[in-house]
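Read the figures in this text as sums done on the coordinates, not as results from a lab. The structure displayed is predicted, hence computed values, not measured ones. All Cβ positions, even for glycine, are placed from backbone atoms using ideal geometry, and neighbour counts span all protein chains on display.
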Amino acid sequence: MRKATLYQFSLPMEAGVILRYQRLKTRDGFLVHLQEDEWDGWGEISPLPEFSHETLEQAKISVVEWLQQWLQQPWRNTPPEESDLPSVAFGISCALAELQGKLPETVNYRKAPLCTGDPDDVILRLGNMAGQKIAKVKVGLYEAVRDGMVVNVMLEAVPDLQLRLDANRSWTRTKAEGFVKYVNPDFRQRIAFIEEPCKTREESLAFARETGIAIAWDESVREADFKVEAQKGVSAIIIKPTLVGSIDHCRQLIIQAHQLGLEAVISSSIESSFGLTQLARLAQWFTPDTLPGLDTLHLIQSQLIRCWPDSDIQCVTFDRTFDRLATVWSCECQ
């Protein structure tokens, strides 16, 4: 017996979450559930507005088409071809990996704290953090002088801290150079990398060469012409599976990065707690020595089905779904 079910969820966001050009009021997506005899597997499909190329409706059409093909196939045959929509390919690959017992249950819930505003809370969390201290700071949202001040404050307050900065291609070369001037020269070596500081790859590479501050590829990883290669000034690639694609595709990128001596960091796209727990399992599986960037749970007001340990955010479960989880498609085949 095979059965496939698609659930749709809508979770309220915390006020003030802005993605590029719009305020995100709810986090919307799907949970896909595959069942085959006594085995089952789950995955989250949640394209991120302003970042995913596909819409929620396009994702729904694609996943239903895939599920229909999967139900019609003989048992244990090779699954249908992957969707060309990254969020769908990733969610389905997670469901298949759980169904087939390939996604390890082993998980480490440590993550790099994310600072999007006042650094005091993150500094406090870092003080209670065991082991390697790594945090991430969003830069480029304000003036370069403010970003430099935040970086200085954090690196001075936590002497063994390594900072990852994320500029989302927001800086001109002038602003990027201005930022560097505001950072204490003694602290610059503790900037692990800046994710895509400038508007083009060429400008970002030039920035790295001229300042000695390493960069990481993020948006570039999702572009069709991207190749993992050793480049002066590049120290890492950022992999956001919801935006990149299937587990296999992510794994190939990680292998290529490691072969070239680059760090690969698995990072979130504001998935629900359900998706975040699966990303934590993937990070433990593929990048156990690298702290993942999964500190986005606090941006959503509710957790979903699978909850992050030690979180006091309410959890939406099947027996407490209200209007936030609905079955939108289901079919089974004997």
So, in Å, what gap is there between the alpha-carbon centers of segment 141-212 and segment 51-127? 31
Long-range amide H partners of Glu263 with built H, under 5 Å: Ala236, Ile237
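Lys and Arg at +1, Asp and Glu at -1: add these up for the other residues within a Cβ distance under 15 Å of Glu223 and post the number. Spell out each step's value before the answer.
On the way: positive: Arg169, Lys199, Arg201, Arg222, Lys227, Lys240; negative: Asp84, Glu195, Glu196, Glu202, Asp218, Glu219, Asp225, Glu229.
Result for the neighbourhood of Glu223: -2.
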Could you work out how far helix 56-72 tilts from the main Cα principal axis of the chain, as a 0 to 90 degree angle to the nearest 10? 40
Could you go through segment 300-307 in sequence order and give the Karplus-derived ³J(HN,Hα) for each residue, using 6.51 cos²θ - 1.76 cosθ + 1.60 with θ = phi - 60°, rounded to whole Hz, and x for Gly and Pro? 10, 7, 9, 8, 9, 6, 9, 10
In Hz, Karplus ³J(HN,Hα) per residue of segment 281-287 (6.51, -1.76, 1.60; θ = phi - 60°; x = Gly, Pro): 5, 5, 4, 5, 6, 9, 9
For Glu195, enumerate residues with amide H under 5 Å from its amide H, sequence gap 5+ or separate chain, H modeled in the peptide plane. Leu165, Asp166, Ala167, Ala216
One quarter of the convex hull surface, Cα atoms only: what value does that give for the chain in nm²? 16.8
Hydrodynamic radius by Kirkwood for segment 118-168, inverse mean 1/r across distinct Cα pairs, in Å, is 11.3
Give me the number: length gained by fully extending Ser311 to Asp37, i.e. 0.36 nm times residue separation minus the C-alpha to C-alpha distance, one decimal in nm. 95.3 nm
Can you give me the long-range amide H partners of Cys115? Hydrogens built in the peptide plane at 1.01 Å from N, cutoff under 5 Å, separation of 5 or more residues or another chain. Lys136, Val137, Lys138
Overall form of segment 15-95 per C-alpha gyration tensor (a/c, 1.5; a/b vs b/c): prolate
Starting from the Cα gyration tensor of segment 50-117, take the square roots of the eigenvalues, sort them a ≥ b ≥ c, and report rounded, prolate or oblate (rounded when a/c is under 1.5, otherwise prolate if a/b is larger than b/c, else oblate). oblate
From the phi angles alone, apply the Karplus equation (6.51, -1.76, 1.60; θ = phi - 60°) to segment 143-149 and give each ³J(HN,Hα) in whole Hz, x where the residue is Gly or Pro. 5, 4, 5, 5, 4, x, 5
Using 7 Å Cα-to-Cβ label points, what is the Gln69/Gln189 separation (nm, one decimal)? 5.3
Nearest-ten-degree value, helix 86-99 long axis tilted from longest Cα axis of the chain: 60
Does segment 42-155 come out rounded, prolate or oblate by the C-alpha gyration tensor, with a ≥ b ≥ c the root eigenvalues, rounded set by a/c under 1.5 and, if not, prolate when a/b is larger than b/c and oblate if not? oblate
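Counting residues in segment 180-273 as N, plug N into 2.2 N^0.38 Å and put the Cα Rg over that result.
1.13
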I'd like the Kirkwood hydrodynamic radius of segment 160-233, using the inverse of the mean 1/r over distinct C-alpha pairs, in Å. 12.6
